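Asks: The structure under discussion is supplied below as structure tokens; questions concerning it will follow.
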Amino acid sequence: MNIKDAALRTGLPPKTIRYYEDIGLVAPARRDNGYRDYSDTDMHTLAFLGRARSLGFSIEDCRALLALYDDRQRTSAEVREIARDHLQRIETKIAELEAMRETLSGLVEACHGDTRPDCPILSDLASDIH
């Protein structure tokens, strides 16, 4: 299967598929004309990567998860550790975003949004220390 068909089947852009090849996550065969030839195994790997990336796993996490997927001697604890670490990063990011929302919400509420030049939003952004 060529890259266009692989992209259509996996929903990944060709540029992303080429990137995954460049960094060694997938290694399709090459035809005599030099074109990539994606096997069913390659398609599975690409789908796996697409799903993992949609869950926010980093490239290195994906590399580790793929290695564990291929390792029949793996333990589920190894997989769980990667997922648990990623979940912790997500929870930290959510807390940061909620704090940002609270701060910005308060600033928006404090701003009159009228013809006056004073603006608490700009004053906060211009302050040196919070």
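Each reported figure results from applying straightforward, stated rules to the coordinates on display, with no laboratory input. Quick caveat: nothing in here was measured; it's all calculated off a predicted structure. Cβ sites come from the backbone with ideal geometry, for glycine too, and all protein chains shown count toward neighbours.
Asks: For the chain, what are the DSSP H helices with axial Cα length of 27 Å or more and mean Kyte-Doolittle hydropathy of at least -0.5?
Replies: 76-110
Asks: May I pose another question? Could you tell me the ratio Rg/Rh of the chain? Both radii from Cα atoms, Rh via Kirkwood.
Replies: Value, to two decimals: 1.24.
Asks: Here's another thing I want to ask about it. Along the charge dipole of the stretch 1-58, pointing to its positive end and built from +1/-1 on Cβ of Lys, Arg, Asp and Glu, which listed residue (G11, Y38, L25) has its Cα farthest out?
Replies: Highest projection toward the positive end goes to G11.
Asks: Here's something else I'd like to know. With charges set only on the Cβ (+1 for Lys and Arg, -1 for Asp and Glu), what does the dipole of the chain come to about its Cα centre, in debye to the nearest 20?
Replies: Charge dipole, the chain, about its Cα centre: 740 debye, nearest 20.
Asks: Can you tell me the dipole magnitude for the stretch 1-58 around its Cα centre, using point charges on the Cβ only (Lys, Arg +1; Asp, Glu -1), in Debye to the nearest 20?
Replies: I would put it at about 200 debye.
Asks: Let me ask another. Would you mind computing, in nm to one decimal, how far apart the modelled labels at S54 and D71 are, each placed 7 Å from Cα along Cα→Cβ?
Replies: It works out to 2.7 nm between the two label points.
Asks: Amide H neighbours of Y38 under 5 Å, counting only residues 5+ apart in sequence or on other chains, H built in-plane at 1.01 Å?
Replies: Hits under the 5 Å cutoff: N2.
Asks: Express the relative contact order of the stretch 1-58 as a whole percentage, based on alpha carbon pairs under 8 Å and six or more residues apart in sequence.
Replies: Contact order relative to length: 36 percent.
Asks: For the chain, set up a Gaussian network in which alpha carbons nearer than 10 Å are linked by springs, and say which option among H86, H112, H44 fluctuates the most.
Replies: H112
Asks: Moving on. Calculate the all-directions average of the projected area of the stretch 75-130's alpha-carbon convex hull, and give it in nm².
Replies: 5.2
Asks: Per residue of the chain, what 222 nm ellipticity follows from adding -39500 (n - 2.57) for every DSSP H run with n ≥ 4, rounded to the nearest 500?
Replies: -21500 deg cm²/dmol
Asks: What range in the chain is the longest one free of trypsin sites (Lys or Arg not before Pro) that are in a loop by DSSP and have at most 11 other Cβ atoms within 10 angstrom?
Replies: 73-130
Asks: On to the next question. Taking springs between alpha-carbon atoms closer than 10 angstrom, which of T92, T115, T103 fluctuates most in the Gaussian network model of the chain?
Replies: Of the options given, T115 has the highest mean-square fluctuation.
Asks: Hey, what's the Kirkwood Rh for the stretch 1-58 if you take every pair of different alpha carbons, in angstrom?
Replies: 11.3
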